[in-house]
1. Pairs please, first residue from region 15-44 and open to solvent by 90 Å² or more (accessible area, probe 1.4 Å), second anywhere and assigned to a strand (DSSP E or B) and at pLDDT 95 or above, Cβ atoms under 7 Å, 6+ apart in sequence or on different chains.
2. One residue is enough: does region 267-276 have a residue meeting the conditions in a helix (DSSP H, G or I), out of contact with any strand residue (DSSP E or B) (no Cβ under 9 Å at 6 or more places or on another chain), more than 24 Å from Leu105 (Cα to Cα) and of a type outside the set (S, T, N, Q)?
3. Tell me the residue from Ala212, Ala239, Ala263 that is in contact (Cβ under 8 Å) with a residue 40 or more places away in the chain, out of contact with any Lys or Arg (no Cβ under 8 Å at 6 or more places or on another chain), open to solvent by less than 10 Å² (accessible area, probe 1.4 Å) and assigned to a helix (DSSP H, G or I), please.
4. Looking only at region 46-78, filter to residues that are under 18 Å from the mean Cα position of the chain (by Cα) and more than 21 Å from Leu91 (Cβ to Cβ); which one of those is surrounded by the most Cβ atoms within 10 Å (Cβ to Cβ)?
5. For a quick check of your reading of the model, give me the residue pairs whose first member lies in region 105-132 and is more than 21 Å from Pro38 (Cβ to Cβ) and free of Cβ contacts under 8 Å to residues at least 24 places away in the same chain, whose second is among the polar types (S, T, N, Q) and not in a strand (DSSP E or B), with beta-carbon atoms closer than 7 Å and at least 6 apart or on different chains.
6. List pairs: first residue in region 273-289 and under 14 Å from Asn219 (Cβ atoms), second residue surrounded by fewer than 16 Cβ atoms within 10 Å (Cβ to Cβ) anywhere in the structure, Cβ distance under 6 angstrom, at least six positions apart or on different chains.
7. Out of region 174-189, which residues are farther than 17 Å from Ala130 by Cα and free of Cβ contacts under 8 Å to residues at least 12 places away in the same chain?
8. Given the conditions (1) open to solvent by 50 Å² or more (accessible area, probe 1.4 Å); (2) of a type outside the set (Phe, Trp, Tyr); (3) in a helix (DSSP H, G or I), which single one is not true for Leu91?
Amino acid sequence: MTSSPSKLNALELIKLLKRDAAEHKGSAGKALLIGGAPGMAGALLLAGNACLHLGAGWTMLEMFDPASAHAYQDSPELMIHLASSEIDSRLVNTQPDVIAIGPGLGKSDLASAWLMGVLRYPRIPLIIDADALNLIAESIDLLGGLQKRNQQFPGQTVITPHPGEAAKLLGISSEDVQADRLSALEKLIAMTQSIVVLKGQHTLIGSPRNTALQCQEGNPGMGAGGMGDVLTGSIAAIAAQGVRHQLNLWKSTNITVQLHATAADSLVSKGIGPIGLTPSETIIEMRSLLNKLL
């Protein structure tokens with residue numbers, strides 16, 4: 001890894017997502033998003049809306065909250081299913097192209113079981129965020145499952161910690177993470193063998209196979225609850241399309257991180273924020289920018 005990260009410059013790759021006239025939803029991929037425990041269903045719905053608006057062919061939610069596991073009036077396109085303990089059969093029946101787990105997941109026994117289930121699910125891109133990272137930080141078995149997956153299928157898992165989640169994984173303080181973000185990134189990569197997105201001002205991205213990159217875009221308006229859920233759902237959408245559009249998970253992640261931050265900057269330039277900038281507004285701006293860049 002270099003001593004100084006290079007500038008992230010990935011938006012030109014968006015052209016690879018341009019669709020031929022005969023393409024259909026199968027060409028855009030099937031994304032499965034897992035989370036939304038009671039009291040946190042909004043996190044999974046935000047991730048799902050991001051996935052939907054950023055172009056996944058199917059967006060399916062495994063919702064942990066029974067009260068929210070029904071058709072969502074504002075986005076009826078989301079396919080919402082109540083998560084159960086029948087994890088392996090659900091994954092086999094769904095046959096997703098991409099899985100994302102973490103938004104509003106909680107730390108229940110069922111959450112841990114689902115996380116272990118997706119860590120064992122082979123080959124496809126996997127995005128891990130939020131409480132899924134906290135569970136890994138607290139479980140040697142889950143960390144071992146993550147490491148084993150990356151040994152078997154290198155380059156197919158991305159983790160997206162904010163400084164607090166990174167600190168839990170590394171057993172240090174968030175202040176220590178922020179004091180040397182590049183070192184924290186390197187340690188997270190060594191520990192997990194994953195693609196790592198260390199969120200925060202000038203988000204860092206690295207992997208065992210790729211040197212560190214730094215996103216120059218972004219603004220303080222992104223410091224709002226739900227922005228990370230939007231990023232997770234958006235990576236899932238771009239990765240789902242990337243399965244059939246020459247984009248691996250590394251490239252899909254790079255595109256999404258820069259697109260997310262650029263959309264937030266675009267909104268601020270229009271007088272929308274930084275104070276009061278919402279994740280939902282950012283989703284729509286990301287969609288607009290993506291289509292302009294095709």
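The values are calculated or read from the model by the stated rules, or taken from the named source; none is laboratory data. Because the structure is predicted, anything quoted here is derived from the model rather than measured. All Cβ positions, even for glycine, are placed from backbone atoms using ideal geometry, and neighbour counts span all protein chains on display. Quick note on the areas: whole protein, heavy atoms, side chains included, nothing else; ligands and nucleic acids left out. Shrake-Rupley method; radii C 1.70, N 1.55, O 1.52, S 1.80 Å.
1. Qualifying pairs under 7 Å: Lys25/Trp58.
2. Restricting attention to region 267-276, the residues satisfying the condition of being in a helix (DSSP H, G or I) are 267-269.
From what's left, out of contact with any strand residue (DSSP E or B) (no Cβ under 9 Å at 6 or more places or on another chain): 267-269.
Retained after the next criterion (residues that are more than 24 Å from Leu105 (Cα to Cα)): 267-269.
Now narrow it down to the ones that are of a type outside the set (S, T, N, Q): 267-268.
Yes, region 267-276 has at least one match.
3. Details: Ala212 fails: assigned to a helix (DSSP H, G or I); Ala263 fails: in contact (Cβ under 8 Å) with a residue 40 or more places away in the chain.
Testing whether each residue is in contact (Cβ under 8 Å) with a residue 40 or more places away in the chain, out of contact with any Lys or Arg (no Cβ under 8 Å at 6 or more places or on another chain), open to solvent by less than 10 Å² (accessible area, probe 1.4 Å) and assigned to a helix (DSSP H, G or I) leaves just Ala239.
4. Ala50
5. Going by the 7 Å Cβ cut-off, there are no qualifying pairs.
6. Pro274/Pro220
7. Once the filter is applied, which keeps residues that are farther than 17 Å from Ala130 by Cα and free of Cβ contacts under 8 Å to residues at least 12 places away in the same chain, region 174-189 yields Glu175, Asp176, Ala179, Asp180, Ser183.
8. (1)
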